[in-house]
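Below: the structure, in structure tokens.
The values are calculated or read from the model by the stated rules, or taken from the named source; none is laboratory data. Everything quoted here is computed from the prediction, not taken from an experiment. Virtual Cβ from ideal backbone geometry, glycine too; neighbours counted across all protein chains shown. When the accessible area is computed, the model is the full protein with side chains, heavy atoms only, and any ligands, DNA or RNA have been set aside. Shrake-Rupley method; radii C 1.70, N 1.55, O 1.52, S 1.80 Å.
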Amino acid sequence: MTTRIRKTGEARGFAVTRVLTHWAEIVGDATAAIAKPVEISYGRGGMGATLTVLTTGAQAPMLDMQKDQLREKVNAVYGYNAIARVRITQTAPTGFAEGQAQFTPAPKRRPVADETTCARAAEVTANVTDAGLRDALEKLAQNVLMKQKR
């Protein structure tokens, strides 16, 4: 997984992939909730890169006031003044292909067991006398049986 992240990060200019993988730790939870790094581009001379950050239109003015702090925090990860400028790119609350302003992953949907799966799981665990253990084993059996169906 590390090589995939590094390869993708380097393609977008992130020599230090920690900026992508630990964004919330670097800039803080409040800033990470409203913005995410998109690209680091280097000028022709190679001196002073530009960090492009994606945010919604409503949050852009607030983030614009924090440009210097963002630059300092990201440069602390690099260990030197690699980032000279921070560019803020605004997006609509919903994008064309996907909700581009959504910075947190959607919660995973848990599959619901059907009646036959529940009945089979209850049948398998019927001999267990402890109620708490029986309930836990029944849930485990339901998960195993649902995986087998897929």
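Counting only residues that are in a helix (DSSP H, G or I) and either in contact with a strand residue (DSSP E or B) (Cβ under 7 Å, 6 or more places away or on another chain) or charged (D, E, K, R) (or both), how many does region 118-137 have?
So the count comes out to 4.
Val124: exposed (fewer than 13 other Cβ atoms within 10 Å of the Cβ) and free of Cβ contacts under 8 Å to residues at least 60 places away in the same chain, yes or no?
For Val124, the condition - exposed (fewer than 13 other Cβ atoms within 10 Å of the Cβ) and free of Cβ contacts under 8 Å to residues at least 60 places away in the same chain - is not met.
Out of Ala97, Ala76, Ala101, Ala106, which single residue is out of contact with any Cys (no Cβ under 7 Å at 6 or more places or on another chain), open to solvent by 50 Å² or more (accessible area, probe 1.4 Å), within 20 Å of Trp23 (Cβ to Cβ) and at pLDDT below 80?
Values: Ala97 fails: within 20 Å of Trp23 (Cβ to Cβ); Ala76 fails: at pLDDT below 80; Ala101 fails: open to solvent by 50 Å² or more (accessible area, probe 1.4 Å).
Step by step, each of Ala97, Ala76, Ala101, Ala106 is checked, and only Ala106 is out of contact with any Cys (no Cβ under 7 Å at 6 or more places or on another chain), open to solvent by 50 Å² or more (accessible area, probe 1.4 Å), within 20 Å of Trp23 (Cβ to Cβ) and at pLDDT below 80.
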